[in-house]
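So the structure is just underneath, and the comments pick up after that.
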Amino acid sequence: MLKIYFDGELLELDDETLDYMYVNEGAEGVVYRYGKDAIKIYKKHCFRDRLSEEDCIKLGTISTKRVLLPEKVVYSGDVKTFIGYSTPFIYDYPCGRIMNMKIEKFCDELDIIREDLRELAKNGIEIDDWHTGNILYNGKLYIGDPGGMIFRREIRPQWSMGNSEFVLNRFLKDELFPLARLSKRSKKNIESVFDDSNYIGWQIRDTMEEKETVRQYVKRMTR
């Protein structure tokens, strides 16, 4: 039995209910679906930094469209201990389907994510540690795990933005583009084709062809 205090009510969840609500889990915690919310409950033992109650409350004041941020905090059943947070629940497909997106639509989605990164940077927040397990795709692209955030209140927003753009570029080059089923040589060519010093969405728009899919574009650029 798991007892949690969430969104103004006490929830008593037995094992059968938890099995039905289960979505996935990682090093930080276990994610359950509850209505329109995805609730992450922290594991008792975790050897990596994770969002604090203060972090979640701060992130909850920032408006983003594709980077999913905490909306509500979760407490233990006695309302004494912070144990997690919620984000909107997104139905998603296997991320390999992103390869079938039209490249122009893909760039449009990247631009929206980039605007989210700019909003985060204004608040002294950078992204970190993105991988395919973070991404949700349902025709639109979402980043579903806000745990990989760095709070940089002591540096300028433009520096935080530059660091976040670099992480976005590396995520696409190291994690997403290889889903196009590239040869070993093509995977190596990714590094020379895309420059980490500039936002990758601009580079794609300068080189894409009309009606290409993401897969077709990546294969053409890296062959």
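The values are calculated or read from the model by the stated rules, or taken from the named source; none is laboratory data. The structure presented is a predicted model; accordingly, all values stated were derived computationally and were not measured. Heads up, the Cβs are rebuilt from the backbone with ideal geometry, glycines too, and the neighbour counts pull from every protein chain shown. Accessible surface areas use protein heavy atoms only, side chains included; no ligands, DNA or RNA. Shrake-Rupley method; radii C 1.70, N 1.55, O 1.52, S 1.80 Å.
Annotations
- Filter pass, V67 being aliphatic (A, V, I, L, M) and more than 18 Å from the chain's Cα centre (by Cα): no
- Residue count for region 173-223 under the criterion of being more than 22 Å from I143 (Cα to Cα), among the β-branched types (V, I, T) and open to solvent by less than 10 Å² (accessible area, probe 1.4 Å): the result is 2.
- Residue check for E71: free of Cβ contacts under 8 Å to residues at least 60 places away in the same chain and closer than 25 Å to L141 by Cβ: yes
- Extreme residue, most open to solvent (accessible area, probe 1.4 Å), among residues of region 153-172 that are under 17 Å from E109 (Cα atoms) and touching a Lys or Arg at 6+ places or on another chain (Cβ under 8 Å): E165
- Among (1) part of a loop (DSSP other than H, G, I, E, B); (2) without any contact (Cβ under 8 Å) to a residue 60 or more places away in the chain; (3) under 24 Å from C95 (Cβ atoms) - the single one P146 does not satisfy: (2)
- Filter result for A27 (in contact with a Cys (Cβ under 9 Å, 6 or more places away or on another chain), among the aliphatic types (A, V, I, L, M) and under 19 Å from H131 (Cβ atoms)): yes
- Qualifying residue in region 124-142 (condition: open to solvent by less than 10 Å² (accessible area, probe 1.4 Å), within 19 Å of M161 (Cα to Cα) and of a type in the set (V, I, T)): yes
- Every listed requirement among (1) touching a Ser or Thr at 6+ places or on another chain (Cβ under 8 Å); (2) within 29 Å of G139 (Cα to Cα); (3) modelled with pLDDT of 95 or more is met by C95 save one, (3).
- Where a residue in region 121-138 is among the β-branched types (V, I, T) and its partner, wherever it lies, is open to solvent by 10 Å² or more (accessible area, probe 1.4 Å) and modelled with pLDDT under 95, with Cβ under 6 Å and at least six apart: I125/M149; I125/F151; I127/V167; T132/C95; T132/E175; I135/C95
- The set of residues in region 186-223 that are charged (D, E, K, R) and modelled with pLDDT of 95 or more comprises R205, D206, E209, E212, R215, K219, R220.
- Some residue of region 137-151 being of a type in the set (D, E, K, R) and at pLDDT 95 or above: yes
- Within the option set D108, D55, D78, being within 21 Å of S164 (Cα to Cα) and either at pLDDT below 95 or small (G, A, S) (or both) holds for one residue only, D55.
- Residues that are among the β-branched types (V, I, T), in a helix (DSSP H, G or I) and touching a residue at least 40 places away in the same chain (Cβ under 8 Å) within region 23-66 are absent altogether.
- The condition (being in contact (Cβ under 8 Å) with a residue 12 or more places away in the chain and more than 19 Å from R66 (Cα to Cα)) is satisfied by just one residue among R215, R220, R156: R215.
- Flag for R114 being open to solvent by less than 50 Å² (accessible area, probe 1.4 Å) and of a type in the set (K, R): yes
- Y85 being farther than 30 Å from K211 by Cβ, out of contact with any Pro (no Cβ under 8 Å at 6 or more places or on another chain) and at pLDDT 95 or above: no
- When residues of region 49-69 are limited to those that are over 16 Å from L168 (Cβ atoms) and β-branched (V, I, T), the one most open to solvent (accessible area, probe 1.4 Å): T61
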